[in-house]
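Here's the structure we're looking at; comments come further down.
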Amino acid sequence: MREVLDKSPPVWARTIVRGLRGLQFRGKVRVLDRLVGRRGIVCERIFGSWIELDLSEFVQRWIFYGVYGIEELGWLKAILRPGDTFVDVGAHVGFFSLAAAKTVGRQGRVIAIEPAPTLFEKLSKWVSKNDLSWIHPLPVAVGSKRGEASLFLDDDTNYAPSFFRGETFVSKVPVRPLDDIAEECGIEVIHLLKLDIEGSEQQAWEGAQRLIRQKRIKAVICEFNESCLVAAGTSSKYLWHKIVESGFADAEWGVSEPHFPAGNFLQNRLFFQVT
């Protein structure tokens, strides 16, 4: 750890990054990568709470820069209200959980679900240190039925765990349907559900059918990573139609089949329940 800390960006570099965090400009990541050096550990105040970030991993580095999940943050802030419930499936280090916690406040609830042991440890650590009692971290995976699954990592993306691809075995993890998690946690309504689980989104959706039938999920942010979905035996197009056929509308495209981009790589999409 001492060696890692010694390689952290100098104070002057961190000061520059903080000053630029709220600004967006072309080439920002490239400029800051050269400044920071893509390594080290920093402890930063994000959304009013302290969080430790490993700059060797691009998601945490982009959080540090202020360029990660900008569109999704806009959706989150537009949808959630004080007292609401946010379920973060694939919470990673908890960036969106932290943003949601600030928005929903102590009267609300955030369920942060992350099966990868290293990520869950980081998530739990900052939740405890910041006394965010309304964030509830869960060390499980979400799927279509209860069970257990093997979690893998790509050697070159050591913070992107998946059940369907990767060279390095991480661990066996428990799998729970979202329906069961909602019942166990006493969740009546999910005002916003986020699914970002490296190809397991369809299985998670299949495990939430009771919540869907009862119209207890009001809005969904879902990742469409085509390569991960293909590895899982499905596709972006199939998953998109699966969500729409469940009574949801794409915030941009409605319920009409869109023109899918080359490779069907849609990135993240926002859906609303059709009442």
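When the residues of region 47-85 are filtered to those that are in a loop (DSSP other than H, G, I, E, B) and small (Gly, Ala, Ser), the one that is nearest to residue 185 (Cα to Cα) is 83. Note on region 27-41: among residues that are at pLDDT 95 or above and among the aliphatic types (A, V, I, L, M), the one that is farthest from residue 105 (Cα to Cα) is 31. For region 126-136, taking the residues that are within 17 Å of the chain's Cα centre (by Cα) and not β-branched (Val, Ile, Thr), the one that is modelled with the highest pLDDT is identified as 136. Could you list, in sequence order, all residues of region 239-250 that are without any contact (Cβ under 8 Å) to a residue 24 or more places away in the chain and closer than 21 Å to residue 76 by Cα? Once the filter is applied, which keeps residues that are without any contact (Cβ under 8 Å) to a residue 24 or more places away in the chain and closer than 21 Å to residue 76 by Cα, region 239-250 yields only 250.
Looking only at strands (runs of 3 or more DSSP E) that lie completely in region 179-275, which have at least 3 residues being aliphatic (A, V, I, L, M)?
The qualifying strands (runs of 3 or more DSSP E) are 192-195, 219-224.
For the condition over 30 Å from residue 10 (Cα atoms), acidic (Asp, Glu) and either in a strand (DSSP E or B) or without any contact (Cβ under 8 Å) to a residue 12 or more places away in the chain (or both), what is the one hit in 131, 88?
88
Scanning region 107-120 for residues that are at pLDDT below 95 and either of a type in the set (Ser, Thr, Tyr) or out of contact with any strand residue (DSSP E or B) (no Cβ under 9 Å at 6 or more places or on another chain) (or both) yields a single hit, 118.
Taking region 122-139, which residues are of a type in the set (Lys, Arg) and either loosely packed, with under 15 Cβ neighbours inside 10 Å or at positive phi (or both)?
Residue satisfying the conditions is 129 alone.
The values are calculated or read from the model by the stated rules, or taken from the named source; none is laboratory data. For clarity, every value in this text was computed on a predicted model and none was experimentally measured. Cβ atoms come from the backbone with ideal geometry, glycine included; neighbour counts cover every protein chain shown.
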